[in-house]
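These notes concern the structure reproduced below.
Every read-out reported here was derived from the displayed coordinates using simple, explicitly stated rules and does not represent laboratory data. The structure presented is a predicted model; accordingly, all values stated were derived computationally and were not measured. With ideal geometry, Cβ positions are generated from the backbone for all residues, glycine too; neighbour counts draw on all protein chains shown.
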Amino acid sequence: MKRYTAVIEKCSDTGLYVGFVPGFPGAHTQAETLDELQKNLQEVIEMLLEDGEPTLEAEFIGTQTVMVN
């Protein structure tokens with residue numbers, strides 16, 4: 001079983017959750033709920049893996065909080 005880290009945001013215009021896997025071209029989707037987003041991400045990654053293991057263009061490291069005055 002492979003594990004990928006997805007970044008999830010919520011679009012203020014549509015109210016939809018948007019998820020993508022950093023550095024994995026084409027690994028992105030959107031949904032109305034987090035559960036639906038999880039399912040959609042799993043499906044799109046499985047579909048992309050049918051073409052073989054990707055060479056990731058970037059690696060997710062983490063997040064940082066930046067303070068600005």
- Query: What residues from segment 31-64 fall in the zone where the backbone N is under 16 Å from a label point 7 Å along the Cα-to-C-beta line of T5?
  - Reply: 56-64
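Run lengths n ≥ 4 of DSSP H only: what is the helix-derived mean residue ellipticity at 222 nm for the chain, with -39500 (n - 2.57) per run over all residues, to the nearest 500? Numbers along the way, then the final one.
Numbers: 1 runs with 16 residues, N = 69.
Rounded to the nearest 500, it is -7500 deg cm²/dmol.
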- Cα-only Debye scattering, segment 7-49: base-10 log of I(q)/I(0) at q = 0.30, 0.31 Å⁻¹: -1.04, -1.08
- Would you work out which of A31, V68, G19 lies farthest towards the positive end of the dipole of the chain? Charges go on Cβ: Lys and Arg +1, Asp and Glu -1. V68
- Item | Folded to 0 to 90 degrees: helix 34-49 orientation relative to the chain principal axis, Cα | 40 degrees
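Give me the number: length gained by fully extending V18 to N69, i.e. 0.36 nm times residue separation minus the C-alpha to C-alpha distance, one decimal in nm.
Values: separation 51, 0.36 × 51 = 18.36 nm, distance 2.93 nm.
Extra length from V18 to N69 when fully extended: 15.4 nm.
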- Counting sequence-distant residues (5 or more places) and residues on other chains, those with an amide H built under 5 Å from that of Y4 are none
